[in-house]
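Here is the structure we will look at.
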Amino acid sequence: MSTDHNSTPSAPEPGGGTTAGSTKPARPAKRPSSTLAVLQRLGRSLMMPIAVLPAAAILLRLGQPDLLGADGLAGMSGMGWMDPVAGAVGAAGDSIFQALPLLFAVGVAIGFAKRADGSTALAAVVGYLVFDRVATWTMVTFNGPTGDLGSRLVTYPLPVDPVTREPMVDQASAEAVGAVINNAVKNPTDVLGGIAMGLVAALLWQRYHRIKLPTWLGFFGGRRFVPIVTALAGLLIGVALGMLWPVVGSWIQDLGEGIIGAGAVGAGLYGVVNRILLPLGLHHVVNSFIWFVSGSYTDDAGNVSNGEITRYLAGDPSAGTFLSGFFPVLMFGLPGAALAMWLAAPKARRAQIGSIMIPAALTAFATGITEPVEFAFIFVAPALFAVHVVLTGLSMAILNALDAQLGFGFSAGLIDLLLNATKDNTSGLGLILLLGLVYFGLYFGIFYVLITRFNLPTPGRESDPEENTAAHTVPSAAVDTPGTRVDGSLEPPEPGSSGDSGDGGTEDRTDGRTDGSG
């Protein structure tokens, strides 16, 4: 009778026992939370539009008067021709910030949809354009052109004579001019509207990109159908959100202003939450709210900016206090942690670990990209991660309390620090650098002591499975087996051994197998 190793385990014998070959069915592995999985997909999708910020921030900053403009390079003798160049460079960077809602719609749609393609991006563009105009029209219609929200979305064009094209100044003509929606003004939903339409486009693409229509409508089936249905969704969402935004928008604005108004406590809490969510990939969900939604600033030209990053770059004299605390941690603290992990490694592996940690530390210092350092200890040494979370919150709270203001376009690294050091609304730069030096020492000292005192398995100190196996295995050269001497040289097999040509290899064994059967 043959034995099927893939058959179902035998039923239990009477008395509760099982047959000799039975095995317990494996428990199904726990599936990760669907909500957490969705949030992680959202966090990853937010990275795509955020990745364009360095280019936008550098261009916008270079184009400002104190760098390439009249108060900087263009103000030098013979360099006046740089002034229009500065204007063009600044306009290039500002164009990206003005289009952030659309960029978020496209980026979130591509990042959130499973196996997205070009039709996903096209659907997001179509959906957002429809949503943008419909939502703005609905807000003005229901709030009125003189309402708190409507007044920001309309303009009153100066009446001109249709023949001479000169302004008409008589009272009757002026009173006859009606309010017109100014579509050049950014939609009040800003980045949140873009994220919402990006999610809608991604979900509709997943649902309809393989839809089959009747033969006479077959041309519009499949991927071609997705932009059509997304446009319809943009229309409905635009009407609904346009009617709700006067209330919902005020709630969101109050929340953002409440966090900013909490001062050092709010900044410290933001820093703690930011780092806690890092291992899950959800920190960009919180970042997007603080960076692009919280707070509002209107410049002299009437342009409205929302969010800590956009307000800082627009010149808001109160912005940057929720960003400055990242510089001591990312530029100085984590390089100190990398140095500690390097020096705490055994001497035999120190060169290998140094080749990893030194470039990671330089990357963190120059660009503010710290994941290579953080993921070296987050999962293997939770105690170090807890220290990192607390120190980040303290840095954010301390510099906010001291009213130190310094922003960035992408991350708190040397590049952003040098670009914004001379900006008009930057303050407390010396305090930031001083705290950075203190944090380098703190991170190095605390990490080194904890790693060496509690033998934490940071890079280079983790146990090597191969070494553990070798330590519990007798070397093959020391085994005196038939056919092999202790010194490793061969010896002739004895009669009756498995190497003999006689019948010793077929001698019956008590286990029912023949010797040499394997």
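The values are calculated or read from the model by the stated rules, or taken from the named source; none is laboratory data. Everything numeric here is computed off the predicted structure, so don't read it as measured data. Because the Cβ atoms are built from the backbone with ideal geometry, glycine has one as well, and the counts that use them run over all protein chains shown. SASA here: full protein model, heavy atoms, side chains in, ligands and nucleic acids out. Shrake-Rupley method; radii C 1.70, N 1.55, O 1.52, S 1.80 Å.
Sub-9 Å Cβ pairs linking a first residue in segment 24-51 that is at pLDDT below 65 to a second residue that is of a type in the set (S, T, N, Q) and open to solvent by less than 60 Å² (accessible area, probe 1.4 Å), at least 6 apart or interchain, are 32/40, ordered by first then second residue. Go through segment 293-310 and give me each residue that's at pLDDT 90 or above and either touching a Cys at 6+ places or on another chain (Cβ under 7 Å) or open to solvent by less than 10 Å² (accessible area, probe 1.4 Å) (or both). Selection gives 307, 308, 309.
Could you tell me whether segment 234-249 includes any residue that is touching a strand residue (DSSP E or B) at 6+ places or on another chain (Cβ under 6 Å), closer than 22 Å to residue 45 by Cα and of a type outside the set (Gly, Ala, Ser)? No.
Under the condition of being among the hydroxyl-bearing types (Ser, Thr, Tyr) and more than 32 Å from the chain's Cα centre (by Cα), which residue from segment 116-153 is most open to solvent (accessible area, probe 1.4 Å)? Ranking the candidates gives 146 first. Return yes or no: is residue 184 farther than 30 Å from residue 41 by Cα, of a type in the set (A, V, I, L, M) and open to solvent by 60 Å² or more (accessible area, probe 1.4 Å)? Yes, satisfied. Here residue 439 does not qualify as assigned to a helix (DSSP H, G or I), at pLDDT 95 or above, under 30 Å from residue 387 (Cα atoms) and open to solvent by 60 Å² or more (accessible area, probe 1.4 Å).
Quick check on my filter: what residues within segment 158-167 are open to solvent by 60 Å² or more (accessible area, probe 1.4 Å) and part of a loop (DSSP other than H, G, I, E, B)? Once the filter is applied, which keeps residues that are open to solvent by 60 Å² or more (accessible area, probe 1.4 Å) and part of a loop (DSSP other than H, G, I, E, B), segment 158-167 yields 158, 162, 163, 164, 165, 166. Against the conditions (1) surrounded by fewer than 18 Cβ atoms within 10 Å (Cβ to Cβ); (2) closer than 17 Å to residue 49 by Cα, residue 210 satisfies every one except (2). Within segment 413-423, the set of residues being touching a residue at least 24 places away in the same chain (Cβ under 8 Å) and either open to solvent by 50 Å² or more (accessible area, probe 1.4 Å) or within 25 Å of the chain's Cα centre (by Cα) (or both) comprises 413, 414, 415, 416, 417, 419, 420, 422. Of all residue pairs spaced 6 or more apart or on separate chains, those with beta-carbon atoms under 6 Å, a first member in segment 360-371 that is farther than 17 Å from residue 284 by Cα and without any contact (Cβ under 8 Å) to a residue 24 or more places away in the chain and a second member that is assigned to a helix (DSSP H, G or I) and among the β-branched types (Val, Ile, Thr) are 360/373.
The residue that is nearest to the chain's Cα centre (by Cα), counting only those in segment 442-465 that are open to solvent by 30 Å² or more (accessible area, probe 1.4 Å) and of a type in the set (Ser, Thr, Tyr), is 448. Within segment 280-300, residues that are closer than 22 Å to residue 96 by Cβ reach partners that are hydroxyl-bearing (Ser, Thr, Tyr) and surrounded by fewer than 16 Cβ atoms within 10 Å (Cβ to Cβ) with beta carbons closer than 9 Å, at six or more positions or on different chains, in the pairs 295/318; 297/318.
Cβ-Cβ contacts under 6 Å between residues 6 or more apart (or on different chains), taken from a first residue in segment 424-445 that is touching a residue at least 40 places away in the same chain (Cβ under 8 Å) to a second residue that is among the hydroxyl-bearing types (Ser, Thr, Tyr) and open to solvent by less than 50 Å² (accessible area, probe 1.4 Å), are listed as 432/324.
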